Amino acid sequence: MGNKKMSTIIMSGGTSGLGRQALLALSSNPVHVILLARNEERAAAVRQEVEQAHQTKVSVIPCDMSSMSSVHDALLCIVNQAEPIDVLVNNAAINTPERQVTADGFETMFATNFLAPFIITQGFLKAVGYGNDPRIINVGGPIKRKPDIDDLNSRQGFAQMAAFESSKAALGLYTAYLHRTLQEENSSVSITGFYPGIMRSNLSSGFKGLIGIGERLIRHTLPGPEESGRFLAKLITTPNLSSQYPGLMYNNNGQEIDVPNADDYALQEALIRRANDMAAPWML
Ligand SMILES: NC(=O)c1ccc[n+]([C@@H]2O[C@H](COP(=O)([O-])OP(=O)(O)OC[C@H]3O[C@@H](n4cnc5c(N)ncnc54)[C@H](OP(=O)(O)O)[C@@H]3O)[C@@H](O)[C@H]2O)c1
């Protein structure tokens, strides 16, 4: 994706934290950002902020990432717009202190942080027309925990950070799976993982108990999301991203970082089979 023509970017989680900062950092680029957002007011505020200051055009498609029918409807909307898409950024995430179950019967973090981006990405690969240099950017981290393939919805027991890490680890495994298979298929689409590092954002705002106390004690020492937002904007706009950043995941210094279980193809394939089964009613 170059800096000259108007490029089209789909981004979830652009209404605060990292995503919002990335949008602000895209200032010198003539880009059309399609925000997938659940909160109309926040989306309108970001839209105004970004469009006022910059060349960026922002559209909003309502999308609650914890509702698979909402995700499905948003995908249909993207397909019907028939605009070639250059970049898909799977950035939205949530971290809930208690086990919550969505209307579809999924644990909320699993649904929002993994199953929704899985459905969107599969739909993107299958049914959306691409621009010239298409790419997917998945925001996650080098999480060591292996998701329990037999209990992805934490029915057997719930611990806040374990469930959060499992959902993000699943996204990391999916990223590794696609990184390998898209290359094997000589696809024009590339995929890159991005680890923004620990930042001050809304993600931890609902933390309770000991985790909440710990978070409030260190919050002021954490960096804001500005620097990571700038690097995410760089990943979005760098031409031929996969030749400049051929690895699986990068931090905001541009260093490649290891993704645990990136070589565990059996685990990845088992996860993809489960995800396909669970997501079947909402896939394009
Ligand atoms: N903060 C950190 O320390 C850290 C560290 C490593 C990785 N990350 C990753 O960075 C990414 C961005 O997180 P952040 O730190 O910027 O957190 P944030 O400020 O809480 O932003 C999260 C974004 O996700 C959106 N979102 C959450 N649930 C949604 C839903 N059901 N439907 C639609 N949108 C939803 C939020 O929308 P609303 O405005 O509607 O809430 C918001 O725009 C996440 O993938 C996170 O895992 C963060």
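Here is how the numbers come out for the structure above:
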{"quantity": "Which listed residue, of 118, 110, 164, 124, is open to solvent by less than 10 Å² (accessible area, probe 1.4 Å), of a type in the set (A, V, I, L, M, F, W, C) and more than 26 Å from residue 8 (Cβ to Cβ)", "calculated": "110"}
{"quantity": "Every pair of residues 6+ apart whose Cβ atoms lie under 8 Å, when the first sits in segment 181-207 and is under 17 Å from residue 14 (Cα atoms) and touching a residue at least 24 places away in the same chain (Cβ under 8 Å) while the second is near the ligand (Cβ under 6 Å from one of its atoms) and open to solvent by 20 Å² or more (accessible area, probe 1.4 Å)", "calculated": "201/16; 202/16; 203/93; 203/94"}
{"quantity": "Residue 58 vs. criteria in contact (Cβ under 8 Å) with a residue 12 or more places away in the chain, more than 10 Å from the ligand (Cβ to nearest atom) and crowded, with 20+ Cβ neighbours inside 10 Å", "calculated": "yes"}
{"quantity": "Enumeration of residues in segment 65-79 that are among the polar types (S, T, N, Q), part of a helix (DSSP H, G or I) and either crowded, with 19+ Cβ neighbours inside 10 Å or at pLDDT below 95 (or both)", "calculated": "70"}
{"quantity": "Residue in segment 160-188 that is farthest from the chain's Cα centre (by Cα), counting only those that are of a type in the set (A, V, I, L, M) and over 21 Å from residue 107 (Cα atoms)", "calculated": "182"}
{"quantity": "Hits in segment 86-100 (condition: surrounded by fewer than 23 Cβ atoms within 10 Å (Cβ to Cβ) and either free of Cβ contacts under 8 Å to residues at least 24 places away in the same chain or assigned to a strand (DSSP E or B) (or both))", "calculated": "100"}
{"quantity": "Yes/no for residue 11 being touching a helix residue (DSSP H, G or I) at 6+ places or on another chain (Cβ under 8 Å), within 13 Å of the ligand (Cβ to nearest atom) and in a strand (DSSP E or B)", "calculated": "yes"}
{"quantity": "Candidate set from segment 224-241 (those that are open to solvent by 10 Å² or more (accessible area, probe 1.4 Å) and touching a strand residue (DSSP E or B) at 6+ places or on another chain (Cβ under 7 Å)); member that is farthest from residue 189 (Cα to Cα)", "calculated": "239"}
{"quantity": "Any hit, segment 133-153, residues being modelled with pLDDT under 95 and part of a helix (DSSP H, G or I)", "calculated": "no"}
{"quantity": "Out of 103, 170, sole residue that is in a loop (DSSP other than H, G, I, E, B), within 14 Å of the ligand (Cβ to nearest atom) and among the hydrophobic types (A, V, I, L, M, F, W, C)", "calculated": "103"}
{"quantity": "Residues of segment 189-223 classified as more than 10 Å from the ligand (Cβ to nearest atom), within 19 Å of the chain's Cα centre (by Cα) and either surrounded by fewer than 12 Cβ atoms within 10 Å (Cβ to Cβ) or in a loop (DSSP other than H, G, I, E, B) (or both), total", "calculated": "1"}
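The values are calculated or read from the model by the stated rules, or taken from the named source; none is laboratory data. Here the structure is a predicted model, which is why all the values come from computation and not from measurement. As a convention, Cβ positions derive from the backbone with ideal geometry for all residues, glycine included, and neighbour counts pool all protein chains shown. For the accessible areas, the whole protein counts, side chains as well, though only heavy atoms, and no ligand, DNA or RNA atoms are used. Shrake-Rupley method; radii C 1.70, N 1.55, O 1.52, S 1.80 Å.
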